[in-house]
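Down below is the structure, laid out as structure tokens.
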Amino acid sequence: MPASPLATADEAAEFLRTTKQKLAESRYRGTGPRFVKHGRRVLYRWADLTAYVEANTFQRTDDRPVSA
């Protein structure tokens, strides 16, 4: 388990195999994982990152995401 229950944007991007810029875009669009604002800093709960991966895991390429 990570030392902190909160991940930085760098850690979240590494975990999701993406970039900080793509995470910022998904925050703006409301399509990415839930996040925490602490002042100007953006953090992610590890549980939310894991939930995001689970919600976006499919069996087939034509499967549709489940609406939240």
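Look at segment 25-52 and say how many of its residues are closer than 15 Å to E14 by Cβ, part of a loop (DSSP other than H, G, I, E, B) and among the polar types (S, T, N, Q).
0
Answer with yes or no whether Q59 is among the polar types (S, T, N, Q), free of Cβ contacts under 8 Å to residues at least 60 places away in the same chain, open to solvent by 60 Å² or more (accessible area, probe 1.4 Å) and outside any loop (DSSP other than H, G, I, E, B). Working first, answer last.
Numbers: among the polar types (S, T, N, Q): yes; free of Cβ contacts under 8 Å to residues at least 60 places away in the same chain: yes; open to solvent by 60 Å² or more (accessible area, probe 1.4 Å): yes; outside any loop (DSSP other than H, G, I, E, B): no.
So Q59 fails the test.
Go through segment 1-24 and count every residue that is in a loop (DSSP other than H, G, I, E, B) and either open to solvent by 90 Å² or more (accessible area, probe 1.4 Å) or touching a residue at least 12 places away in the same chain (Cβ under 8 Å) (or both). Explain how you work it out, then say what you get.
Restricting attention to segment 1-24, the residues satisfying the condition of being in a loop (DSSP other than H, G, I, E, B) are 1-5, 17-19.
Retained after the next criterion (residues that are either open to solvent by 90 Å² or more (accessible area, probe 1.4 Å) or touching a residue at least 12 places away in the same chain (Cβ under 8 Å) (or both)): 1-3, 5, 17.
Here the count works out to 5.
Those residues that are touching a helix residue (DSSP H, G or I) at 6+ places or on another chain (Cβ under 8 Å) and either open to solvent by 90 Å² or more (accessible area, probe 1.4 Å) or more than 16 Å from A51 (Cα to Cα) (or both), I need them from segment 25-36; list them, please.
R34
The values are calculated or read from the model by the stated rules, or taken from the named source; none is laboratory data. These numbers come from a predicted model, not from an experiment. Neighbour counts run over all protein chains shown; Cβ positions are idealised from the backbone, glycine included. Accessible surface areas use protein heavy atoms only, side chains included; no ligands, DNA or RNA. Shrake-Rupley method; radii C 1.70, N 1.55, O 1.52, S 1.80 Å.
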